[in-house]
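The values are calculated or read from the model by the stated rules, or taken from the named source; none is laboratory data. Please read these numbers as outputs of a predicted model, since none were measured by experiment. All Cβ positions, even for glycine, are placed from backbone atoms using ideal geometry, and neighbour counts span all protein chains on display. The area values use the complete protein model at the heavy-atom level, side chains included, leaving out ligands, DNA and RNA. Shrake-Rupley method; radii C 1.70, N 1.55, O 1.52, S 1.80 Å.
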Amino acid sequence: MNPAPSSPEDVLPTPHPKPADFGPYGRALLLVSEFVATLGGLAFVALVIMSLISIVGRKLFSVPVPGDMEVLMMVAAGASATFFAYCHLEGGDVKVDFFTAKAHPRTVLLLDAIASMLVGVFGAVIAWRSTVGAFSLQEAGETSAILGWPVWLAQIAMTPGFVLLALAGFYMATMCWIARRRVPRKGAAS
């Protein structure tokens, strides 16, 4: 049998914002993030199929897919960036809550707001630097060794995913801050 809660804080769950709590902007951001993540997933499925064809072709017929490793690296770069925003909006980030397990929900939400703000800043900085780097590669005319594909295309393909991550981080920071304001202060009468 569970003991009765000793204080109001013991019964307060952490009201972390969920997609059901999102407003119109958040729902639109989630929908776009989900679509982009689906495209990234399909890109990875295509890469797996291409890799299987290349491996089987190499082993059985001595005919691999030309430039398969280049395609894998270039497509995976952009595809991997597509999942971050959706993961953050769904609350799927890895969190170590050992230190905050017994903290008041307002404290947890404050820390989540700060963390989401940092995620937003990180996404914005990486999007900016990926774009600058891509334009630098375009100006240099760098191409892949076997297929001759412009390398800047792989780098610029990461930018939309990181822009979405920045928007998701800033949105979740706002949602956590709003949720925090709705939780009674520790020791306040309910």
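Checking each residue in the stretch 143-182 for being β-branched (Val, Ile, Thr) and closer than 17 Å to Ala115 by Cβ picks out Thr174, Ile178. Pull up the stretch 58-74, narrow it to residues that are open to solvent by less than 50 Å² (accessible area, probe 1.4 Å) and in a helix (DSSP H, G or I), then point me to the one that is nearest to Ile156 (Cα to Cα). The residue in question is Met74.
Got at least one residue in the stretch 116-131 being of a type in the set (D, E, K, R) and either in contact with a His (Cβ under 6 Å, 6 or more places away or on another chain) or modelled with pLDDT of 95 or more (or both)?
For the stretch 116-131, residues of a type in the set (D, E, K, R) and either in contact with a His (Cβ under 6 Å, 6 or more places away or on another chain) or modelled with pLDDT of 95 or more (or both): present.
Can you find, within the stretch 161-174, the residue that is farthest from Ala124 (Cα to Cα) among those that are over 11 Å from the mean Cα position of the chain (by Cα) and open to solvent by 50 Å² or more (accessible area, probe 1.4 Å)? The residue in question is Thr174.
Within the stretch 94-130, can you find the residues that are in contact (Cβ under 8 Å) with a residue 24 or more places away in the chain and either exposed (fewer than 15 other Cβ atoms within 10 Å of the Cβ) or in contact with a Leu (Cβ under 6 Å, 6 or more places away or on another chain) (or both)? Those that are in contact (Cβ under 8 Å) with a residue 24 or more places away in the chain and either exposed (fewer than 15 other Cβ atoms within 10 Å of the Cβ) or in contact with a Leu (Cβ under 6 Å, 6 or more places away or on another chain) (or both): Pro105, Ile114, Leu118, Val121, Gly123. Please state which of the following conditions Thr143 fails to meet, knowing it meets all the rest: (1) at pLDDT 95 or above; (2) over 23 Å from the mean Cα position of the chain (by Cα); (3) open to solvent by less than 50 Å² (accessible area, probe 1.4 Å). For Thr143, the exception is condition (3).
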